[in-house]
Every structure is written in structure tokens, then in C-alpha cells.
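Peer 1: Got a structure for you, written out below as C-alpha cells; questions coming shortly.
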Amino acid sequence: MRKTKPPFDDERSQFILDKYGKDFCAAPWTSLHEGPGGLVSTCCKSRDPIGWSHEQSFEEMYNSSFIKEVRTQILNGEKPKQCAGCYNHEIDSVPTGNRRNSNVKSYDTIDELIKITEDDGTLPYQKPTWLDLLWSNKCNFACLGCSPSLSSTIEKNYSDIFQNLHFHKEIKGGQSKKVFMGGDWHNTNQRKIEYILKHKDTLNLLHLNGGEPFLQEGVYELLDVLIKENLTKKIGIWSHTNGSINRFKGKDLVEDYLSHWGDNCRITMSLDHYGKRGEFIRYGYKENKWWQTFKKLRKINIDVTVQICYNIFNCLTFYDFVKNLIDTIGEDLSVIPHIGIKLKFGIWHHPRPFAAGMTSLDKNLNQKAKEELEKVFEIKTLNHEAKRQVYANLYHTLESEMPLWKAQEVGQVFVDTVDRLDERRNVKFHDTFPELHHLYEKCKTLNK
């Protein structure tokens, strides 16, 4: 008989790992990710399709030959190659946020689902607990860490530049091959809604993703259905947003929609710097608008996570940025548990020319970036989880080194991209990031 349900997510995650193995992930049993072009996978870290939403129902995909093989491998203690997006970034077997969250969300159902799983990985019936959903690449921003497949603004105005930026995928022997996905796309809504209503008894969370989710008409259609069916307290919503959208077709996002969920709603607001640096990195960002949205969400006590993606454009001024953000929020985020607001640090591994690991090309810059992280770690009002991420993830990314052939290739793309963006967007990279001027010149000389 199962013990009393652990009260904290970390304890629930560890309970699952202790029972099914340190590399276990519940995602192939309890969740789905519908991504660009209708590609459905076990989670957002995998781009290996279990099916396509415009061709099959979610029920049909749940027992595709691919997902059955993944389930069998996990139960045998193996690490499926399709799940390398998590496993390759884990240090000392500490699960990534994706694997941890999948296990936490499955806590109430995974025992039953494992028990009924057949030898070939077939799942006789489904009890999904959360879904990660995208509608289209419609977005009013052109962020430097994004791509045309997730931003219609990039697709429309900068597709050629970003095609060069996302130019390669590493393979052995110093070779590279082209990888790029462009073009506008739209996923249908009806199958989403039907599947959600069919499994409303086990679903507890919907992750709304994008593009910019709050620009998607299909998102509001889904929210209207959940409100009408009185499911706002049963099925929580978690959405990412760039913070620029407050209204849609005359309705107020917070008052007319999100208020129905209250504390059953979580919003992740992206922010990678403030002022001119912030506008350069997340092109379309307006500081006053972002803070207006933040305050409006907090006014009705919606949980807000500010997600900061660590990259070459903020790593050398990271302490100033994070300290300014915490001071502006004006709360002691180190209080455990802090209800309502937290910071989360992510990493741009791609596009590689904009990754913080580019500092490895210059010893002094690399040391400067490490010192910035050490100062951030010492901020007393920073939440514990963010501090853990500083050393478990951010510091680690500065330790990687590039072979010469790779440095030459990536460095040239870095120079070409910032030059073309300056011309196309009428911005000034060197004035905005004087601390990166030396790196720019270093990259120019690598191929000489």
C-alpha cells in the first residue's frame, strides 16, 4: 500500500525514481507534446514523432510502435536515444526539469499504468495527467533564441538570417549538416478539446505553449470550453508568455479568462535582460508593458515564474540584470516556501553562436562570466531552486570547450548574424553590448 502522498514535488519525484529506477521517466505513459506542424512526441525534448495530429487521433498515437518501444526500454532500465534531450544534459543523474515534472505529475496514476503495460509496451487504456500543446507559430516577437518554426515574425522578416543562425547539427569527424524548419503552421483544435474532455478525470494540467500562446485564437476557444464545463479548478493551466498581450478581441486576458483559474493557473514570463539589452535579445519587448502584465497577474495572486535564459548576451552582465530584477520585484524570494513568484534559469544550448559557452573562445571573458555567476549565487533574496540551477546548469555550460574547426564555423556565424541583424533591424550591437566587442573581433580573426 502506498505511503501518504509526499507534500513536495521533489519528494514525489524521488519516490518515483526510487521505485522505478534513477533514469525513469513517466512521460511516455502520462503526457503528450503536440509541436510544430502537428508533430506529436512523448515530450518537448524529443522531436521523434509518435504520430501527427492532423492524421491520427491522440488515442491512436498512444500505442504507436515508436512509443511502445520507448516504454519497453525505460522499463528495462535503458535510456532511449530519443530521450537524449534530457539525459545528455543531466549531471550526476539529477533529472532535468522535464523528467522531474513528468514524474511528479504522474504520481497518482503511474503505478496503475505500469502494472497494465504489456510486454511489448502496449497501454490498454490511457490516463493522461498533463498535455503540452501548441497551436501555431504566431508570435509578435523575434527573440534571438527562437526560430521561424516558433515565431511568425521571424518567419516573415528574418527567415534567411535565422536559417543561417540555425545552420548545423554536429556529427562526427568535424562535419556538419543543415537542419532547419521554417514556414507558418497551424495545429487543429477540435482533437485537442475532444481528448481533454474525454480524459478530464485524470488530467490535472495543460501547458499552453507557442508561438505566443495568448495570440492564438485556439487557446481562447479551449479556455472558453473549460470555463463552460466548470473544469477550471480541476484542470490547471500553465502558460508561457512574452508579457506583451493583455487583451484579445475585446476581452481582458486576466479578468475575463485567467481569473477563473486563480491559484490553479501558473504563468511563466520570459525575460532575458532589461532596457536596450532586453529589447535587442527579445526583439519586440517593451519594459513598461512587461511589468504592467506582471503586476496585473500578481494582483489576482496568479503564480508567476520569471524565466531567464542564460546566453552570450546576458552572461557578462548577469549579476546586474538579476539583482535589478529582484530589486524591482521587491520581495524576498528566498523565503521557503515562497508563494506566487520565483525565478527560473534556463540555457540557450541553441543556436550555438548565441550560447554562453561562446565565452570559451576568450579566457578572460569566460572568467568574467563565472565571476558573474558567483555573485548571483550570493544574492540572499534569490530562491533556492534558482541558486541550484546556477551551479548545476549555468556554471557547467561555461566549462565546455570548442575545437578549432567548430570555433571557426560558429564564430563566423556569430559575426555574420549580428551584422545582418544590425542592418535589418536598424539596431547597434556594439553600442548595446560593449562587453562583447572583443569577442566579436576574436571571432573575425579565427578564420584568418
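The values are calculated or read from the model by the stated rules, or taken from the named source; none is laboratory data. Note that the structure is a prediction, hence the values are computed from the model and not measured. A quick note on method: Cβ atoms are made from the backbone with ideal geometry, for glycine too, and the neighbour counts reach across all protein chains shown. Just so you know, the surface numbers come from the protein's heavy atoms only, side chains and all, with ligands and any DNA or RNA stripped out. Shrake-Rupley method; radii C 1.70, N 1.55, O 1.52, S 1.80 Å.
Peer 1: Are there any pairs, at least 6 apart or on different chains, whose C-beta atoms fall under 6 Å, with the first in segment 105-124 and farther than 17 Å from V70 by Cα and the second of a type in the set (D, E, K, R), and if so, which?
Peer 2: Y107/R12; T109/K127
Peer 1: Additional query: Of the conditions (1) closer than 26 Å to N187 by Cα; (2) at pLDDT below 90, Q14 fails just one. Which one is it?
Peer 2: Only one criterion is unmet by Q14, namely (1).
Peer 1: Which condition from (1) of a type in the set (F, W, Y); (2) crowded, with 19+ Cβ neighbours inside 10 Å; (3) under 30 Å from I154 (Cβ atoms); (4) over 20 Å from the mean Cα position of the chain (by Cα) is the one that W261 breaks?
Peer 2: (3)
Peer 1: Taking K22 and the conditions (1) in contact (Cβ under 8 Å) with a residue 40 or more places away in the chain; (2) in contact with a Ser or Thr (Cβ under 6 Å, 6 or more places away or on another chain); (3) surrounded by 19 or more Cβ atoms within 10 Å (Cβ to Cβ), which numbered condition does it fall short on, given that it satisfies the others?
Peer 2: Going through the list (1) in contact (Cβ under 8 Å) with a residue 40 or more places away in the chain; (2) in contact with a Ser or Thr (Cβ under 6 Å, 6 or more places away or on another chain); (3) surrounded by 19 or more Cβ atoms within 10 Å (Cβ to Cβ), K22 breaks only (3).
Peer 1: Could you please give the count of residues in segment 196-229 that are touching a Pro at 6+ places or on another chain (Cβ under 8 Å) and either farther than 21 Å from N101 by Cα or among the small types (G, A, S) (or both)?
Peer 2: Total satisfying the criteria: 1.
Peer 1: Just for segment 236-258: of the residues that are farther than 20 Å from L150 by Cα and of a type in the set (G, A, S), which one is surrounded by the fewest Cβ atoms within 10 Å (Cβ to Cβ)?
Peer 2: G250
Peer 1: Mind telling me which of the residues L231, L316 ends up being farther than 27 Å from N426 by Cβ and at pLDDT 95 or above?
Peer 2: Within the list L231, L316, the selection yields L231.
Peer 1: Name, by its number, the condition in (1) out of contact with any Asp or Glu (no Cβ under 9 Å at 6 or more places or on another chain); (2) within 30 Å of S136 (Cβ to Cβ); (3) buried (at least 19 other Cβ atoms within 10 Å of the Cβ); (4) not hydrophobic (A, V, I, L, M, F, W, C) that does not hold for H89.
Peer 2: With respect to (1) out of contact with any Asp or Glu (no Cβ under 9 Å at 6 or more places or on another chain); (2) within 30 Å of S136 (Cβ to Cβ); (3) buried (at least 19 other Cβ atoms within 10 Å of the Cβ); (4) not hydrophobic (A, V, I, L, M, F, W, C), H89 is out only on (3).
Peer 1: Give me the residue from segment 305-319 that is open to solvent by less than 10 Å² (accessible area, probe 1.4 Å) and among the polar types (S, T, N, Q) and, out of that set, nearest to the chain's Cα centre (by Cα).
Peer 2: It comes out as N311.
Peer 1: Report the residue count in segment 122-155 for those that are part of a loop (DSSP other than H, G, I, E, B) and either farther than 18 Å from W185 by Cβ or β-branched (V, I, T) (or both).
Peer 2: Residues that pass the stated criteria total 10.
Peer 1: Continuing with the same structure: Quick one: is T30 among the polar types (S, T, N, Q) and out of contact with any strand residue (DSSP E or B) (no Cβ under 8 Å at 6 or more places or on another chain)?
Peer 2: In short, no.
Peer 1: Being surrounded by fewer than 19 Cβ atoms within 10 Å (Cβ to Cβ) and closer than 22 Å to S136 by Cβ is the filter here, so list the residues in segment 50-69 that pass it.
Peer 2: Across segment 50-69, the qualifying residues are W52, H54, E55, Q56, S57.
Peer 1: Every residue in segment 92-126 that is open to solvent by 30 Å² or more (accessible area, probe 1.4 Å) and touching a helix residue (DSSP H, G or I) at 6+ places or on another chain (Cβ under 6 Å), please.
Peer 2: Hits for segment 92-126 are N98, R100, D120, P124.
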